[in-house]
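Novice: For reference, the structure I am asking about is given below.
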Amino acid sequence: MNELSDLPENRYTKILDRAFHIKNNFIDAGHGCILPKRYRDISEQIKNFDIRTDDVFLCSFPRSGSTWLQEILWLLGNNLDFSKARVIIQQVRNPTLELSALFSDDKNKADWIKDTMKGNSVEFAHSMTSQRFLKTHLPWHLLPDKLKRENSAKIIYTTRNPKDQIVSFYHYCLLAHQMDCSFEDFIDLCLEDKIVYGSPLKHMLPFYDRRNQQNILFIKYEDMKKDLPAIIRQCAKHLEIKRELTNRDIEEICDYVKFEKMEKNSSVNLETIVFRDQEFKTNIDSEQYNKVKFIRKGCVGDWQNYFTSEINEKFDKWIEEQLKSSDMTFDYV
């Protein structure tokens with residue numbers, strides 16, 4: 001059983017309390033992972049979640065291209081049904097397993113989840129008809145026991161260079177959680193494993209170490225940017241889809257998931273959830289929105305616009321230490 005415990009009070013928990021506007025909102029979920037305290041309410045449901053042999057799980061640390069990739073996976077598994085993808089919100093077609101815990105302190109978003117999912121996100125995922133496409137940002141040790149134990153369900157893991165990842169996650173937290181935190185403080189939290197879901201590198205390594213397991217496909221965000229058609233074909237092969245993809249099919253998928261189209265696509269850009277807070281929607285100006293919007297930049301190397309030489313030096317040392325026992329490498333530009 002995974003032990004869940006309260007975080008000891010220190011400088012970092014004080015930053016968290018201030019940043020997320022609520023005291024003692026996070027718990028230690030083990031292995032350097034912290035989660036909102038409402039995770040306790042669904043942790044056993046997730047641990048004992050029943051896995052079907054045709055399930056597809058997209059796993060990642062936040063801001064690793066998962067929204068982009070999950071749209072591709074869903075299309076591949078649903079005979080390229082672009083019409084359905086346009087009208088049904090992604091979180092309904094491809095729900096995040098632990099979503100109920102992530103917005104539990106925000107009534108507007110919590111009500112949307114409760115109303116849309118007729119309960120909590122785990123129960124909603126359980127009730128879905130097959131084939132289920134599910135997403136989670138939970139680390140390996142918190143995945144459903146049956147998913148870890150059996151090799152029948154498909155797992156796709158996507159990762160991203162941690163510098164871009166953290167910049168993007170910072171802006172996501174500003175938008176989705178209205179976080180009040182400087183970038184420098186956020187970096188300090190990251191280096192101490194005190195951001196939600198913990199260290200992105202510790203999150204990635206258990207999946208990387210299992211990348212040759214038959215049911216696991218390991219993908220880098222940067223490779224998606226370099227050659228998306230090749231990644232789509234890899235995914236199709238991994239999912240064992242019946243449709244034989246033509247070059248035209250690949251072109252249509254690539255066109256549908258172009259950054260500028262995803263940015264405006266209300267079924268994937270989370271505006272349905274994020275802007276349920278009308279006061280927040282009214283008060284945020286266009287310049288602020290362009291900085292923090294959910295589908296933000298989608299590029300490689302944006303970290304260079306935020307990292308000072310001091311932050312970069314600290315981050316490089318942190319990366320070297322976390323990857324010292326691994327041959328994993330990243331592209332940063």
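Bear in mind that the values in this text are calculations on the coordinates, not laboratory data. Model, not experiment: these values are computed from the prediction. Cβ atoms come from the backbone with ideal geometry, glycine included; neighbour counts cover every protein chain shown.
Novice: Once you've got the GNM for the chain with C-alpha springs shorter than 10 Å, pick whichever of 233, 11, 38 has the biggest mean-square fluctuation.
Specialist: In the Gaussian network model the winner is 11.
Novice: Can you list residues whose amide H is under 5 Å from residue 34's amide H, if they're 5+ apart or on another chain and H is modeled 1.01 Å from N?
Specialist: Those qualifying (amide H under 5 Å, at least 5 residues apart or on another chain) are 29, 197, 198.
Novice: Dipole magnitude of the chain about its Cα centre, charges +1 at Lys/Arg Cβ and -1 at Asp/Glu Cβ only, in debye to the nearest 20? Write out the running numbers ahead of the final one.
Specialist: Numbers: 49 positive and 52 negative charges, 166 e Å.
I would put it at about 800 debye.
Novice: Could you give the Stokes-Einstein D for the range 191-252 in µm² per second, using the C-alpha Kirkwood radius, 10 °C, 1.306 mPa s?
Specialist: 114 µm²/s
Novice: If you take the alpha carbon radius of gyration of the range 1-76 and divide it by 2.2 N^0.38 Å, what ratio comes out, to two decimals? If you can, show how the numbers build up before the last one.
Specialist: On the way: Rg = 16.1 Å, N = 76, 2.2 N^0.38 = 11.4 Å.
Expressed relative to 2.2 N^0.38 Å, the Cα Rg reads 1.41.
Novice: How would you rank 15, 22, 232, going from fewest to most other Cβ atoms within 10 Å of each one's own Cβ? Don't jump to the answer; show the numbers that get you there.
Specialist: Values: 15 18, 22 14, 232 22.
Listed from fewest to most nearby Cβ atoms, that is 22, 15, 232.
Novice: For the range 35-76, just list the percent of Cα-Cα distances falling in each 5 Å bin from zero outward, please.
Specialist: 5, 16, 18, 19, 23, 16, 3, 0
Novice: List the aspartates and glutamates whose Cα sits under 18 Å from the Cα of residue 37, skipping any in the same chain fewer than 8 residues away.
Specialist: Result set, ordered by chain and number: 3, 6, 9, 17, 28, 98, 105, 106, 111, 193.
Novice: If you consider only alpha-carbon coordinates, what radius of gyration and Dmax does the range 63-217 have, in Å?
Specialist: Every Cα atom of the range 63-217 included, Rg and Dmax give 16.4, 45 Å.
Novice: Sticking with this one: Once amide H atoms are built 1.01 Å from N in the peptide plane, which residues 5 or more positions from residue 217, or in another chain, come under 5 Å H to H?
Specialist: 155, 156, 157
Novice: Next question. Name the long-range amide H neighbours of residue 98: under 5 Å, sequence gap of 5 or more, or other chain; modelled H, no Pro or chain starts.
Specialist: Distant-sequence amide H within range of residue 98: 137.
Novice: How large is the helix-only mean residue ellipticity at 222 nm for the chain, computed as the sum of -39500 (n - 2.57) over DSSP H runs with n ≥ 4, divided by its residue count, in deg cm²/dmol to the nearest 500?
Specialist: On the way: 20 runs with 166 residues, N = 333.
Taken over the chain, the calculation gives -13500 deg cm²/dmol.
Novice: Determine the alpha carbon to alpha carbon distance for each of 146/194; 146/225; 47/220; 154/226; 118/154 and list only those over 30 Å. Spell out each step's value before the answer.
Specialist: Details: 146/194 28 Å; 146/225 33 Å; 47/220 27 Å; 154/226 24 Å; 118/154 26 Å.
From the list (146/194; 146/225; 47/220; 154/226; 118/154), the Cα-Cα distance tops 30 Å for 146/225.
Novice: When Lys and Arg each count +1 and Asp and Glu each count -1, what net charge do the other residues less than 14 Å away from residue 78, Cβ to Cβ, add up to? Write out the running numbers ahead of the final one.
Specialist: On the way: positive: 84, 86, 93, 132, 242, 243; negative: 54, 71, 81, 249, 252.
Neighbour charge sum, excluding residue 78 itself: +1.
Novice: Something else about it: Order the peptides 245-252, 221-228, 92-99 from the highest to the lowest mean number of other Cβ atoms within 10 Å of their residues. Kindly include the intermediate steps, with their values, before the conclusion.
Specialist: On the way: 245-252: 12.5, 221-228: 17.5, 92-99: 22.5.
Top to bottom by mean Cβ count within 10 Å: 92-99, 221-228, 245-252.
Novice: Another one. Which net charge results for the neighbourhood of residue 332, defined as the other residues with beta-carbon distances under 11 angstrom from its beta-carbon, given Lys and Arg at +1 and Asp and Glu at -1? Can you show the working numbers first?
Specialist: On the way: positive: 160, 163; negative: 164, 222, 302, 316, 331.
Counting the neighbours of residue 332, the net charge comes to -3.
Novice: Whole-Hz ³J(HN,Hα) for each residue in the range 247-263, computed from phi via Karplus 6.51 cos²θ - 1.76 cosθ + 1.60 with θ = phi - 60°, x for glycine and proline: what do you get?
Specialist: Karplus-based 3J(HN,Hα) across the range 247-263 equals 4, 5, 4, 4, 4, 5, 5, 4, 5, 5, 9, 4, 3, 5, 7, 4, 4 Hz.
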